[in-house]
Amino acid sequence: MPFNVIHDGDGSPRIILSEPTGSTAEVLLFGGQVISWKNERRQEILFKSNKATWKPSKPIRGGIPICFPQFSNFGSLEQPGFARNRLWSLDSSPSPLPPPNNQSTVDLILKSTEEDLKTWPHRFELRVRISLSAGKLTVIPRVRNTDSKAFSFTFALCNYLSVSDISEVRVEGLETLDYFDNLLQRERYTEQADAITFDGEIDRVYLSTPIKLAIIDHEKKRTIVLRKEGMPDAVVWNPWDKKAKALPDLGDEDYKTMLCVDSAAIETPIVLKPFEEWKGRQELSTVSSSYCSGQLDPRKVLQGFA
């Protein structure tokens, strides 16, 4: 299905994806950022801050920002990288990916500029395919080294998820794994809990994670399933009350209805030789569930049976 491009008077061009069941997604050319994904009942799955800055020169707090060539402050560049602060282009030749079939799909591309080379002296092409189908949003990022020397980078798709109440949410699939705790000088710990629950600020990079994670929202009776390939790490972040008040583009109460669970490659940077290409893949889908009444076993979601 074709997509629509909307040119707002004072903002970045927006791409609208839609599919026959009624779900939609919106993508900004600035940052190549998905800013909305609504299901067939017009319910928003992604979080967007009440104080989000809608200016072409500012990334929006919410949706799915792209962090490249550096995640957060894991390196010497501006955090988190510069890809989310650049105007992307429509990619007319996304080879060698297959045609998108019946999905509503847009292909975007970002190429290194002379300005970028001053801060990160490596020539690259960053491509992203965003596809919408019934109950699913797929993002396929690809990085190609177009330079004459090898380079390394870290990467993340930062998924701001809309939740009913952060204290009623749990994340399954990260138990027993090691993580870096960014609130404790990035010390390495091992997760002891059966599931991740939330009663305060959290900022962790979980390492060597499984390809499927489940974000279970008791109140909404909805589980968001995150499936990822090529991005072995997962970031879990919620600023809680004090940090939320300190962030100028986040509402004071916004932390209650948001949770970031990111697909990422952080601990081991990706190394590309000249003309090599790296590809990742992320699928977000939703499952109606009532975890409290036992109608959904989250482990079956993680194992692919539900």
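The values are calculated or read from the model by the stated rules, or taken from the named source; none is laboratory data. Nothing here was measured: the structure is a model prediction, and the numbers come from that model. Cβ sites come from the backbone with ideal geometry, for glycine too, and all protein chains shown count toward neighbours. In case anyone asks, the SASA skips ligands and DNA or RNA and just uses the protein heavy atoms, side chains included. Shrake-Rupley method; radii C 1.70, N 1.55, O 1.52, S 1.80 Å.
Listing for the model above:
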quantity: Counted residues, segment 168-196 - those being more than 20 Å from the chain's Cα centre (by Cα) and farther than 22 Å from residue 72 by Cβ; calculated: 7
quantity: Count of segment 226-237 residues which are assigned to a strand (DSSP E or B), open to solvent by 10 Å² or more (accessible area, probe 1.4 Å) and either in contact with a helix residue (DSSP H, G or I) (Cβ under 7 Å, 6 or more places away or on another chain) or of a type outside the set (Lys, Arg) (or both); calculated: 2
quantity: Condition met for residue 210 (closer than 25 Å to residue 48 by Cα, open to solvent by 10 Å² or more (accessible area, probe 1.4 Å) and in a loop (DSSP other than H, G, I, E, B)); calculated: no
quantity: Hey, residue 132 within 22 Å of the chain's Cα centre (by Cα), touching a residue at least 60 places away in the same chain (Cβ under 8 Å) and part of a loop (DSSP other than H, G, I, E, B) or not; calculated: no
quantity: Among the residues listed as 203, 165, 181, 199, the single one being at pLDDT 95 or above, among the charged types (D, E, K, R) and either crowded, with 18+ Cβ neighbours inside 10 Å or within 23 Å of residue 29 (Cβ to Cβ) (or both); calculated: 203
quantity: Filter pass, residue 263 being open to solvent by less than 30 Å² (accessible area, probe 1.4 Å), closer than 25 Å to residue 48 by Cβ and at pLDDT below 95; calculated: no
quantity: Filter result (polar (S, T, N, Q) and touching a strand residue (DSSP E or B) at 6+ places or on another chain (Cβ under 7 Å)) within segment 89-139; calculated: 89, 103, 104, 105, 112, 131, 138
quantity: Pair list, Cβ under 9 Å, 6 or more apart: segment 236-251 residue at positive phi, other residue at pLDDT 95 or above; calculated: 240/166; 240/198; 240/199; 240/200; 240/201; 240/202; 240/255
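For (1) closer than 23 Å to residue 63 by Cβ; (2) surrounded by fewer than 19 Cβ atoms within 10 Å (Cβ to Cβ), each residue gets a yes or a no:
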{"position": "114", "(1), (2)": "no, yes"}
{"position": "120", "(1), (2)": "no, no"}
{"position": "157", "(1), (2)": "yes, no"}
{"position": "161", "(1), (2)": "yes, no"}
